Amino acid sequence: MKLGTILVRKKLISQAQLDQDLNLVDVTGKRLGELLLDKGEISDSQLKDALNEQYWRKNGFWIID
């Protein structure tokens, strides 16, 4: 699952914010998490939690949805 999808599902950002930020990712070349931190849209701990979820989902260990 992509990071942006996880953040929207956790209601940390809206789908509209994600769409706008993905356009900025293309322009700036920054990674989504880095961009969201720079803009102050999420905190370090929120990014860490979302990245952990992404890792565990990717490796087939995430069972709570």
Quiz item: Taking the Cα centre of the chain as origin and charging only Cβ (+1 Lys, Arg; -1 Asp, Glu), how large is the dipole, in debye to the nearest 20?
Solution: 200
Quiz prompt | Exposed trypsin sites (Lys or Arg not before Pro) absent: longest stretch of the chain, with sites in DSSP loops and at most 16 other Cβ within 10 Å deemed exposed | solution = 32-65
Quiz item: Quick one: length gained pulling LYS2 to LYS39 fully straight, 0.36 nm per residue minus the C-alpha distance?
Solution: 11.4 nm
Quiz item: In percent, what relative contact order does the chain have, based on Cα pairs under 8 Å that are 6 or more apart in sequence?
Solution: 39
Exercise. Would you mind telling me which residue in LEU36, LEU24, LEU47 has the biggest mean-square fluctuation in a Gaussian network model of the chain, where springs connect alpha carbons within a distance under 10 angstrom?
Key: LEU24
Quiz item: With point charges of +1 on the Cβ of Lys and Arg and -1 on the Cβ of Asp and Glu, referenced to the Cα centre of the chain, which listed residue (SER45, ALA16, THR28) lies farthest in the positive direction of the dipole?
Solution: SER45
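Return the Rg/Rh value of the stretch 3-58, two decimal places, where both radii are evaluated on C-alpha atoms and Rh is the Kirkwood radius. Write out the running numbers ahead of the final one.
Numbers: Rg = 10.5 Å, Rh = 11.2 Å.
Result: Rg/Rh = 0.94.
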Quiz prompt | Simple label model, 7 Å out from Cα along Cβ direction - ASN23 to LYS48, nm | solution = 3.3
Self-check item: Degrees between helix 15-28 axis and first principal axis of the chain (Cα, 0 to 90, nearest 10)
Solution: 60
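Any read-out appearing in this document is the output of simple, stated calculations on the displayed coordinates, not a laboratory observation. Note that the coordinates shown come from a computational prediction; the quantities given were computed from them, not determined experimentally. Note that we place each Cβ from the backbone using ideal geometry, even for glycine, and neighbour counts take in every protein chain shown.
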